[in-house]
Amino acid sequence: MFRPLEGVRVLDLSRVLAGPYAAKLLQDLGAEVLRVEAPWGDDTRGWGPPFTEVDGDEVAAYWTSVNLGKQVIRRNLRNEEDLQDVRRLVANADVILENFRPGRADAWFAPWPEQAVVCSITAYGNDGPRRDEGGYDLAMQARSGLMGITGDAEGGPAKVGVAVIDVVTGLHAGAAVLAALFRREREGVGSRLTLSLWDCALDLLINQAQNALVGGTNPERMGTAHPNLVPYRAFPAADGDVAIAVGSDAQWGKLVAALDLKTPEDADWATNPGRVTDRARVEASVATAVKHLSRAEVEARLAGVPCAPVNRVLEALEDPQSKATGAGIETDGVPHVASPHRFHA
């Protein structure tokens, strides 16, 4: 197996999810990760049930989702002897990940090693009125506007089903670290990187933020529907829900033929802007066509049109595609989802 980061030493001083996820990304690429937790362990060790056993300890499945395979030691950074021990680890690390409040890690460890890549993750960044506030993913989803565009139009706001802001912050951190390692390889210098959950949350709004900036209005909650594409949502089928994602006028033509849809004489459904304008009637027409079909029948008919059953998590993990790509593996006796990276010669 190709391990591009083999030999890179990562010191993971972070807690909960964003930082540990970034460390996991680097570990998946071959880096050696040493994780430092408080003597009482990371908070996520208790975020269960369910629980499983790792190295003789009962830990929450949540903790194992990003920390399996890491070497873990326990140190109290408010104890001088332990702090000196971790300082020695800092001096020998290629990459250091931390997510303490702004300035805390600098007080403990600065000056940082010149060759090291130091990545600091905070809730709101190093400036601004919220600089010293902490933040969990739920609060970030709420404040960033993400929760305001998630959920059914008729209901209240909803959060995304995973801690998506923590995850994308970890992805951004991993990408930034890789860029900094590339810079070190070329220029022989380390880097100091800073990321915040807040900035990553706003970046995650992507087209919704751009719609708001250009259009000057707040996006609304639309359930599974899309603000810029129609039809692009989940529809009830005879045996559950099925998502139909028409992303082009050519795909719309295939859907019309497959479902034998009739376009009203006064409608312009051949173009996406026309379908967006007439959203209610387009979606009602598709809903009528699929409600008596099974999800498998919808998929079979809509060959060439992106669609899929709305699965539960175990259904997805047990899907033949997951088995074919080797998505399920074990580490330390604990089952988990494999890294999505597939390197080829």
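No lab work stands behind these numbers, since they all come straight from the coordinates. Since the structure is predicted, the reported quantities are computational estimates derived from the model, not experimental observations. So basically every Cβ, Gly included, is an ideal-geometry build from the backbone, and we count neighbours across all protein chains shown.
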Classified through the alpha carbon gyration tensor (a ≥ b ≥ c as square roots of its eigenvalues; rounded if a/c is under 1.5, else prolate when a/b is larger than b/c, else oblate), the chain comes out prolate
For the pair E315 and T217, the simple spin-label estimate (label points 7 Å beyond Cα toward Cβ) gives in nm 3.4
With x for Gly and Pro, the residue-by-residue ³J(HN,Hα) of the range 56-68, computed from phi through the Karplus equation 6.51 cos²θ - 1.76 cosθ + 1.60 at θ = phi - 60° and given in whole Hz, is x, 9, 8, 10, 5, 4, 3, 4, 5, 5, 10, 10, 4
Ranked output for segments 189-195, 7-13, 311-317 by mean other Cβ atoms within 10 Å, highest leading, reads 7-13, 189-195, 311-317
Residues meeting the amide H criterion for L193 (H placed from the backbone, H to H distance under 5 Å, 5 or more places apart or on another chain) are V118, C119, S120
In degrees, nearest 10, the alpha-carbon axis of helix 18-28 is tilted away from the dominant principal axis of the alpha carbons of the chain by 90
Helix 164-187: inclination vs the chain longest Cα principal axis, degrees, rounded to 10, gives 60
Among beta bridges assigned by DSSP with both residues in the chain, the antiparallel ones amount in percent, to the nearest 5, to 45
Under the Karplus relation with 6.51, -1.76 and 1.60 and θ = phi - 60°, whole-Hz ³J(HN,Hα) for the range 40-50, x at Gly and Pro, equal 8, x, 5, 3, 5, 4, x, 7, x, x, x
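Grab the Cα-Cα distance for A270 and D241, subtract it from 0.36 nm times how many residues apart they are, and report the gain in nm with one decimal.
Taking A270 through D241 to full extension adds about 7.9 nm, to one decimal.
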In debye to the nearest 20, the charge dipole size for the chain, taken about the Cα centre with +1 at each Lys and Arg Cβ and -1 at each Asp and Glu Cβ, equals 460
Note to self: C-alpha centroids of the range 10-33 and the range 165-240 sit apart, in Å, by 20
Measuring from the longest principal axis of the C-alpha atoms of the chain, the long axis of helix 80-91 (C-alpha) lies at a number of degrees, nearest 10, equal to 70
Expressed in nanometres to one decimal, the distance between label points 7 Å along Cα→Cβ at A61 and T325 is 2.1
Ranked output for segments 327-337, 251-261, 89-99, 219-229 by mean other Cβ atoms within 10 Å, highest leading, reads 89-99, 251-261, 219-229, 327-337
For the range 1-155, the convex hull over Cα atoms projects on average to an area in nm² of 12.3
Given 164-176, 231-243, 107-119, 19-31, the highest-first ranking by average Cβ count within 10 Å works out to 19-31, 164-176, 231-243, 107-119
Heads up, the range 182-327 by the C-alpha gyration tensor (a ≥ b ≥ c square roots of eigenvalues; a/c under 1.5 rounded, else a/b over b/c prolate, else oblate) looks oblate
Sequence order, the range 149-161: Karplus ³J(HN,Hα) from phi using 6.51 cos²θ - 1.76 cosθ + 1.60, θ = phi - 60°, Hz rounded, Gly and Pro as x, gives 10, 10, x, 6, 4, 7, x, x, x, 9, 8, 5, x
Residues meeting the amide H criterion for A123 (H placed from the backbone, H to H distance under 5 Å, 5 or more places apart or on another chain) are L197
Stokes-Einstein D for the range 224-282 (10 °C, 1.306 mPa s, Kirkwood Rh from Cα pairs), in µm²/s, comes to 134
